[in-house]
Amino acid sequence: MPKLGMSMEEGTVTEWHVADGDRVEAGQILYTLETDKTANEVPSPLAGVIKLIAVAGRATRSVRSLPNSNTDLVADEQSLAPPPSAEVTVEPLGARIETRDGESLIEAAWRSGFYWPTVCGGRAECTACVIRILSGGEQSPPPDAREAGQLERVRRRTGETAAIRLACCIRPAGTVVVEKKGVRRRLR
Ligand code: FES
C-alpha cells in the first residue's frame, strides 16, 4: 500500500476503478485509498493485467507492515510485466504486424489497420481467423484448452495437418511467419 503522507499509518481501499483481469496502462487510476485524513485515487505503477487480492471496503492495511508494497493491493509483479512482443509476417500479403504488450495477433492486426477474417469478432468461437504457422512461433505461449479444442475441430473438418493457431488466441513472441488468406489493409 502506498504511503500517502508522513503520518499515514493505515489505509482502506474504498473503491476499485478496475476489475479483476482488466488490462491497464501505467498511470491509469486503479483504486481509491482512504486514510483518516484524506482520500486519493491511486494510479497503476506499471502497464499490465490486474489481479485483485483485496475487496473494496475491507482492505485496511498497516503501512508499516507493507513497506514496499505499492503493488500489493493491485497485482503481483509478474502479472504486470508485459509479455514479449513479436514481429509477425502474414503471407501471402507480406504484411508485417508488430504485437505489443501481450496482444493477440488479431488485435495487433486490427490496431495496425488490417482486415482479418472473423465471424465471432475475436471470441474464439468461429475459427474463421485460423492461421498456419510457417516458421517461428516456438516462443509463443501454447494454446489453452479452449483454443486447442477449436483447433482440433478445424483439423477434423479440413484434414489440416500443418501447425495451426487461432489469430484471436495466439499471443505471438519472437519472429513468426504465418499464412492467412483474406487479410488485407483496410481502406481509410
Ligand atoms: S475470430 Fe472467431 S475464432 Fe478467432
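Observations on the model:
- The range 86-185 - Kirkwood radius from inverse mean 1/r over Cα pairs (Å): 13.2
- Here r is the Cβ-Cβ distance between residue 184 and residue 28 and R0 is 30 Å; the resulting FRET efficiency, rounded to 0.05, is 0.35.
- Overall form of the range 136-182 per C-alpha gyration tensor (a/c, 1.5; a/b vs b/c): oblate
Since every read-out is calculated from the coordinates, none of them should be taken as a lab result. Since the structure is predicted, the reported quantities are computational estimates derived from the model, not experimental observations. Note that each Cβ is placed from the backbone with ideal geometry, even for glycine, and that neighbours are counted across all protein chains shown.
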